[in-house]
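What follows is a single structure, written as structure tokens, with notes after it.
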């Protein structure tokens, strides 16, 4: 959001902050901007928003999610963390300066389906935390699966499905995502 926001824009973001603050398990830093159309609910977990973090209209953030300073979550992105206030297995932790483009999906659990004689809904979930380190950029329509860490300074190309850890300063693309480039030369 521009620093010279209109009065209407500032009022809109103020309303969004007030809506989010109604949850006792949500911490909103003073400089955080949240659109009132964002859907934010901690369920049994905790949500923390860092300084100057921006959350756009129609973004969904649920469960255990921690966002660092200077992050942006764009329209239609969905971040679903698991666990509760004491058990953070299955949480989503996002570092500082992370850019999350529209329609990014992160779900920190998978259904268990090993027993074909048992309905999948009764087999439970396998929770595994998702970690996005500082200064990463996830382009539009990226999916990040449970248990993945995206390294510092990495770029995930649009439409990629990230099923395994991404090394720091890598560019990944594809389904499943693979490293196509390094942003820094390897030093020996």
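Below are the figures for this structure:
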| quantity | calculated |
| --- | --- |
| Residue match in the range 66-74 (condition: on the phi > 0 side of the Ramachandran plot and surrounded by fewer than 18 Cβ atoms within 10 Å (Cβ to Cβ)) | no |
| Strands (runs of 3 or more DSSP E) wholly inside the range 74-152 containing at least 2 residues that are out of contact with any helix residue (DSSP H, G or I) (no Cβ under 8 Å at 6 or more places or on another chain), at pLDDT 95 or above and closer than 22 Å to residue 172 by Cα | 78-80, 92-94, 105-107, 130-132 |
| Looking only at the range 104-125, and only at residues there that are more than 11 Å from the chain's Cα centre (by Cα) and touching a residue at least 24 places away in the same chain (Cβ under 8 Å), the one that is surrounded by the most Cβ atoms within 10 Å (Cβ to Cβ) | 109 |
| Subset of the range 39-61 (residues that are surrounded by 21 or more Cβ atoms within 10 Å (Cβ to Cβ) and part of a loop (DSSP other than H, G, I, E, B)) | 42, 45, 46, 50, 53, 59 |
| Hits in the range 56-75 (condition: in contact with a strand residue (DSSP E or B) (Cβ under 8 Å, 6 or more places away or on another chain) and over 16 Å from residue 23 (Cβ atoms)) | 56, 58, 68, 71, 72, 73, 74 |
| Count of residues meeting criterion [in contact with a strand residue (DSSP E or B) (Cβ under 8 Å, 6 or more places away or on another chain), buried (at least 18 other Cβ atoms within 10 Å of the Cβ) and farther than 15 Å from residue 79 by Cβ] in the range 126-146 | 3 |
| Filter result (surrounded by 20 or more Cβ atoms within 10 Å (Cβ to Cβ) and in a loop (DSSP other than H, G, I, E, B)) within the range 154-169 | 154, 160 |
| Check on residue 19, in contact with a strand residue (DSSP E or B) (Cβ under 9 Å, 6 or more places away or on another chain) and either closer than 20 Å to residue 85 by Cβ or not in a loop (DSSP other than H, G, I, E, B) (or both) | yes |
| In the range 39-55, the residues that are under 17 Å from residue 9 (Cα atoms) and either out of contact with any strand residue (DSSP E or B) (no Cβ under 8 Å at 6 or more places or on another chain) or free of Cβ contacts under 8 Å to residues at least 24 places away in the same chain (or both) | 52 |
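The values are calculated or read from the model by the stated rules, or taken from the named source; none is laboratory data. None of the values given here were measured: they were computed from a predicted structure. For neighbour counting, all protein chains shown are included, and Cβ atoms are generated from backbone atoms with ideal geometry for every residue, glycine included.
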